[in-house]
Amino acid sequence: MIRFDRVSKRYPPGVDALSDISFEVAEREMVLVSGHSGAGKSTLLKLIAAVEKSTGGAVLVGGQNVSGLARAALPYLRRRIGMVFQDQKLLFDRNAFENVMLPLSITGFPRREAAQRVRAALDKVGLSSREKALPVMLSGGEQQRLAIARAVVGRPKLLLADEPTAHLDADTAADVARIFKEFNHVGVTVLIATYAGDLFPGARRLQLEHGKLLP
Amino acid sequence: MTAWLAQHGDAVRLAMRRLASAPVNSLLYLLAIGVALALPAGGQMLLANALSLAGTTSAVPHISVFMAANADRGMAAEIESRLKKRGDIKRVQFLPREETLARMKANPGLRDVIEALAANPFPDAFVLAVADERPEAMERLAVELRQLPRVEHVQLDSAWVRRLDALLQLGRTAVLVLGVLLSAGLIAISFSIIRMQVLTHRTEIEVSGLLGATDGFIRRPFLYYGLLLGLGGGIVAWLLVGAAALWLRAPLGELVRLYDLTLVLQTPGTRDSALLLAFAAGLGWLGAIISLQQHLRKS
C-alpha cells in the first residue's frame, strides 16, 4: 500500500526533517509512527498525501510515486486518502454535518446518497445527535471525532492521522483509539503518528529519531 | 452532468451565503459598482434618446437654389429643366416668388415688414432632394449649381445635420471613454473584494485542497461571488439610470418643447438593459479571475 524508498526531506536552508527512510506498509495494516516531538512524524504523513514533496527517494502510494505527481493530479490522490490533521482543520462556520459533507461535495457525490453517508459516518463516531452543532459547540473529543468522521466519509482505503489523541483526556483518547481500530478491522490501512503508542497495542511501530528510522 | 450541475449549484449557493453573511458590506459593494456603472449606462441612455430625437425630425438634407432677383420666369423655367435632367437630383420643387411672399405674409410678425417694402424681396427658388446625401457629395453638387447662369445663391441645409452628427459622435466617444474607464474600475473593485474573500476563507481553501478539491472546485464559489457582485451592481446601475430617466423626463421634455421638438425620455430598452447586466456580470467575473490568479496560489 505504502512504500518509502530511501526518502529524505530537507527544508531550506538545510534542515533534514527526514533522511534515508525506507519502509513498507501492507494493505489492511495498522502502523504507528512514533518518536519525540520534531522527529519527523508529521512530515512523513505529509509526504504520503503529497502535502509536502520529498527531496530525495520515492514515496509510493498504491504503486504510484506521489512525489512526482503533477499539481493537477494531487486532488485525485488525496481523495483516496482519509486524513485527520493535528490541528483538525474543521471549518468553524459550518455545522458538523456540513463539515463531514465537504469531501463528498468535492468529489461530486450524488446528494441524497451523500447525506446518508454523512449520517452513517457521524453515527460511527457517536456524533449522530450533534449534526447541527457548530464545531465551537463541541468538546475537544467531539471535535476530534468529527475530524475522523470527515476523514472516513469518502470510505478511503488509507487513513492517516497526525496525533489524533493529543490534548484529550485518557478516556476520550481511548475512545478515539478504539474508533481507529474499528476502521482497521473493516480493512482500512491505518497510519497514525502518535507518541501515545500504548493506546494501540499490537500495532506495528515505526520509531523515528531526528529524522531517521530506528531499526 | 447532474453532478456537475449540483457542484455549480452548490457554488452559487455558497457565494450567495457569503454575500448574505455580511449584508452591509455587500450592499456597499453593490452601491459602489452600481454608481460606477450608472455613469456610462446613463450616458448611453441619453445618447439613445438623442438618436431617436434626431430620427424623428426630418433629417433629409436639401439644397436650396435661389435665382437672382432680376431673373425672369423664363430663365427660371430653363434652370428647372436643366435641374430635372440631372441624374444626381431626385426631385425638384419650384417655389415661385409670389408664393413665397404669400407664405411669409401669413406670418403676423413679418407681414408689416414685408408690406413696407416696395417690391417683392423674394427670388424664385428651387428645393432639391438629392440622390447622394453624403455631405461631401452635396458639397460638390452645390459648387456645380453655383455655376448655373442667373443663380444667385445655393444653400446647403445639411449643415445642422452634420452638427448634430458631430455632437452625437462626441457623445458616443464620451460614453465609450467613460465606459472603458469605469469598467476598469469595476474590475479593480471586484479584484480587491475577491482578494479579501480569499483572505477570509483561507482555512476553507486550504482544507478543501487537502481533502482533494481541484483548483476549479475551490475557485468556483469565488467566481460566482464576483459574477453576483457584478450582476447586483448592474441591477443597481439600472435602477439608478431608470430613476434618473423618470425624474428628468418632465424638465427635459419642457426644455425640448422650447425648440419645437417632443421628447419623452425613455428608460433603457430591453436590449440595452440586458447588455448592461451581462456586461456588469462579466466584468465582476473577470475581476474575480484575475484576483484568484494573484492570490490563490499563494495561500
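Rounding to the nearest 10 and keeping the result within 0 to 90°, find how far the Cα-based axis of helix A:96-107 lies from the longest principal axis of chain A.
Taking the Cα atoms of chain A, the angle to A:96-107 is about 60 degrees.
Considering only the other residues whose Cβ falls under 11 Å of the Cβ of A:ARG150, what net charge follows from Lys and Arg at +1 and Asp and Glu at -1?
Local net charge: +2.
Can you show me the helix-derived [θ] at 222 nm for chain B, built from DSSP H runs with n ≥ 4 at -39,500 (n - 2.57) apiece and divided by the number of residues, rounded to the nearest 500.
One gets -25000 deg cm²/dmol as the mean residue ellipticity at 222 nm.
Report the paramagnetic label zone for B:GLU206: residues of segment A:47-88 whose backbone N is under 20 Å from a point 7 Å from Cα along the Cα-to-Cβ axis.
Under cut-off, by backbone N: A:47-54, A:74-75, A:78-79, A:82-88.
Amide H of A:THR55 versus every other amide H placed in the peptide plane: which residues, excluding those fewer than 5 positions away on the same chain, fall under 5 Å?
Result for A:THR55 returns A:SER8, A:LYS9, A:ARG10.
Could you give me the ³J(HN,Hα) list for segment B:107-124, computed from phi with Karplus coefficients 6.51, -1.76, 1.60 and θ = phi - 60°, whole Hz, x at Gly and Pro?
7, x, x, 8, 3, 4, 4, 5, 5, 6, 7, 6, 10, 5, x, 8, x, 5
With r defined as the distance between the Cβ atoms of B:ALA166 and B:GLU115 and R0 fixed at 30 Å, what FRET efficiency is calculated, to the nearest 0.05?
0.15
How tilted is helix B:135-146 with respect to the longest principal axis of chain B? Cα atoms for both, answer in degrees (0 to 90, nearest 10).
Helix B:135-146 sits roughly 10 degrees off the main axis of chain B.
Rounded, prolate or oblate: pick one for segment A:91-155, where a ≥ b ≥ c are the square roots of the eigenvalues of its C-alpha gyration tensor, a/c under 1.5 means rounded, and failing that, prolate if a/b is larger than b/c, else oblate.
On the way: a/c = 1.85, a/b = 1.56, b/c = 1.19.
Prolate shape, in that a/c is at least 1.5 and a/b is the bigger ratio.
Apply the Karplus curve 6.51 cos²θ - 1.76 cosθ + 1.60, θ = phi - 60°, to the phi angles in segment B:251-259 and return the couplings in whole Hz, x for Gly and Pro.
For segment B:251-259, the Karplus-derived couplings read x, 6, x, 4, 4, 5, 4, 5, 9 Hz, x marking Gly and Pro.
Among rounded, prolate and oblate, which fits segment A:122-215 when a ≥ b ≥ c are the square roots of the eigenvalues of its C-alpha gyration tensor, a/c under 1.5 means rounded, and a/b larger than b/c means prolate?
prolate
With a 10 Å radius around each residue's Cβ, average the other Cβ atoms per peptide and rank A:96-104, B:248-256, highest first. Mind dumping the intermediate values first?
On the way: A:96-104: 23.7, B:248-256: 13.4.
With the highest mean Cβ count within 10 Å placed first, the list reads A:96-104, B:248-256.
Show the residues, 5+ positions off or on another chain, whose built amide H is closer than 5 Å to the amide H of B:HIS153.
Residues meeting the amide H criterion: B:PHE66.
Take A:VAL136, project a point 7 Å from its Cα along the Cβ direction, then tell me which residues of segment B:17-56 have their backbone nitrogen under 16 Å from it.
Under 16 Å, as judged by backbone N against the label point of A:VAL136, lie B:21-22 of segment B:17-56.
Cα gyration tensor of segment B:34-127, axes a ≥ b ≥ c as square roots of the eigenvalues: rounded (a/c below 1.5), prolate (a/b > b/c) or oblate?
oblate
Mind checking Rg over Rh on the protein assembly as shown, alpha carbons, Kirkwood formula for Rh?
Rg divided by Rh gives 1.35.
Across peptide A:64-76, how many C-beta atoms of other chains are within 10 Å of each residue C-beta, on average?
That average works out to 2.
Which distance in nm do the two modelled labels at A:TYR195 and B:ARG257 give, with both placed 7 Å along the Cα-to-Cβ direction?
9.0
Just to confirm my numbers, what's the Cα centroid distance between segment B:2-19 and segment A:1-76 in Å?
If you average the Cα positions of each part, the centres end up 35 Å apart.
Return the long-range amide H neighbours of A:VAL31 (sequence gap of 5 or more, or a different chain), with a cut-off of under 5 Å between placed amide H atoms.
For A:VAL31, the qualifying residues are A:VAL190, A:LEU191, A:ILE192.
How much length, in nm to one decimal, is gained on full extension between B:ALA77 and B:ARG103, taken as 0.36 nm per residue of separation minus their Cα-Cα distance?
7.2 nm
Quantify how strongly other chains surround peptide A:146-155 by giving the mean number of their Cβ atoms within 10 Å of each of its Cβ atoms. Working shown, then result.
On the way: counts 0, 0, 0, 0, 2, 1, 0, 1, 2, 0.
Mean inter-chain Cβ contacts per residue within 10 Å come to 1.
Residue by residue through segment B:179-194, what is 3J(HN,Hα) from phi via Karplus (6.51 cos²θ - 1.76 cosθ + 1.60, θ = phi - 60°)? Round to whole Hz and write x for glycine and proline.
Those phi angles translate into x, 5, 4, 6, 5, 4, x, 5, 4, 5, 4, 4, 3, 6, 5, 5 Hz.
Using the 10 angstrom Cβ neighbour count as an exposure proxy, how do B:TRP247, B:TRP238 rank, fewest first?
Values: B:TRP247 11, B:TRP238 22.
Going from sparsest to densest Cβ surroundings: B:TRP247, B:TRP238.
Let me confirm one metric for peptide A:106-114, namely the mean number of other chain beta-carbon atoms within 10 Å of its residues' beta-carbons. Kindly include the intermediate steps, with their values, before the conclusion.
Values: counts 10, 7, 8, 2, 3, 5, 0, 0, 1.
That average works out to 4.
Each label point is 7 Å from the Cα along the Cα-to-Cβ direction; what then is the distance between the points at A:GLU209 and B:ALA274, in nm?
7.6
If you take every DSSP beta bridge whose two residues both sit in segment A:75-215, what share of them, in percent to the nearest 5, is antiparallel? Write out the running numbers ahead of the final one.
Details: 3 of 12 bridges.
The antiparallel fraction comes to roughly 25 percent.
For the protein assembly as shown, what is the percent of antiparallel DSSP beta bridges, rounded to the nearest 5?
Percent antiparallel among DSSP bridges in the protein assembly as shown is about 65.
Run the quick spin-label model on B:ASP157 and A:SER37: label points 7 Å from Cα toward the beta carbon, then report their separation in nm to one decimal.
Simple spin-label model gives 9.6 nm for this pair.
In nm, what is the difference between 0.36 nm times the number of residues separating A:LYS157 and A:ALA120 and their Cα-Cα distance?
Contour length minus Cα-Cα distance gives 11.6 nm.
Where does helix A:111-124 land angle-wise versus the long Cα axis of chain A, in degrees 0 to 90, nearest 10?
Tilt relative to chain A: about 80 degrees.
Please compute the net charge surrounding B:ASP215, taking Lys and Arg as +1 and Asp and Glu as -1 over other residues with Cβ under 11 Å from its Cβ.
+4
Rule-based calculations on the coordinates, nothing more; no lab input. Keep in mind the model is a prediction, meaning the values are calculated, not measured. Positions of Cβ are generated from backbone atoms using ideal geometry, with glycine treated the same way; all protein chains shown enter the neighbour counts.
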